[in-house]
Amino acid sequence: MTEDHPASTKRLPKPADRCDECQRLESLLRKTDRALRDVERQLQQAQKMEALGTLVAGVAHEINNPLNLILYNLPLLQKTWADLLPVLTAHRRDEPEKKFGGFTYDFLQEHLPQLIADMGMAAQRMAKIVSDLKNFSRQSNISDQGPLNINAAVRNALRLSQSTLRKAGVAVHLGLAEDLPEITGNLHNIEQIVLNLVINAAQAIDHEQGELSIRTGVAFNDGRVWIQVSDNGRGVSPAIANRIFLPFVSDKQAQGGTGLGLSVTYSLVKAHGGDVAFENRPGGGTVFTVRLPSRLERQAAKILVVDDDPMVRQILMEALALPRAYLLEEASNGIEASIRLGTYRPDLLILDVFMPEMDGLEVCRSIKTEPALAGIKVIITTGHPGHPKLDELATLGFSHVLAKPFDIPLLLQTVQDLLTQR
């Protein structure tokens, strides 16, 4: 008879038992997958808009010719009616019951001028649609490019929209950032982008306390300038939210909307290498944000800040943002930094030594083993300036050390000195 042995106490680790590094990697993979899907959707949208641009250019041309004929002949018809009215008045005395086209003289005298005016108004609305179609089809026509400051485009667009805003009773709040990097683009196109967003916001406000805010700024992580137009209107209907940038999609027909303004905006933004997005605000209203590449994006050095203390990272990011000359990214530990280094490739790494799980020394060792990272400058930060690990780092060639708490002017000068050596 054999002795029974207790069942093994070994078990597979539950998801909660997995190490933090694995969870972070899985989270990063999920984010990467979502980003790839977003890029794919944007590519499909861009291809769709390009095809639509070709289509509507032809449609606009075909509509424009007969429309011009109508617009040309309507004033002649009005003038002819004015000249015929005395003749018909005299003829009425001889044949009071006679009808013209099935209508009595009294009916024609009372209603025909208004019917002609309505035809003119409808033709003008068609002309507006054709004009919008032409603007949409010219989405890539930005040949007259040059350096410009988006604040100038915003001010010009605001002047063009003053009559519409006054008529709607909308108060405007302007917050334009100073010293923005220039973009390369077409001034008229950028003005059109802002004007379309402002008119769209004004049309969304259906109460007497209308407010509209226009702000500009620059994102230091990618060097892009942004324009933000927000309102306190009714917001974008969920029924059309995922189609808002497609032609003829609108919930503002009652306010004269054609559904082409945002499509034109989308096309012009894409033609300038930018992106546009919107969100409904919880308290009511909508925020549209346009991001455009700037010259800073092409010229600025890239810096990756790595520290496990969020407050320290914030201090460093804010200090480095002051010169408006760097593209900034951050990481909260050595593992995240190593992952970023595989794709981001900064010009300068500001690296804390003492971090849990993977410290700064291990990050520097991995840098030394990767030839592609050989050109990265490194500033070591530490609250323990006499620690033996600093000697090991110096042996590896990483000798630029800044002690915490930071001397901000010294930090900025050290950063500038290292980057000018590249």
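Derivation of every value follows stated rules applied to the coordinates shown; laboratory data play no part. For clarity, every value in this text was computed on a predicted model and none was experimentally measured. Glycine also receives a Cβ, built like all others from the backbone with ideal geometry; neighbour counts cover every protein chain displayed.
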Members of K270/K302; K270/K368; K270/K377; K98/K128 lying beyond 32 Å, as alpha-carbon distances in this model show: K270/K368; K270/K377; K98/K128
Extended-chain gain in nm, criterion 0.36 nm per residue less alpha-carbon gap, T89 and T420: 110.2 nm
Gyration tensor (alpha-carbon) shape descriptor, segment 324-422, a/c threshold 1.5: rounded
Least to most buried among L316, L296, L246 (fewest other Cβ within 10 Å first): L246, L296, L316
Most to least packed among 94-105, 392-403, 192-203 [average Cβ atoms within 10 Å]: 192-203, 392-403, 94-105
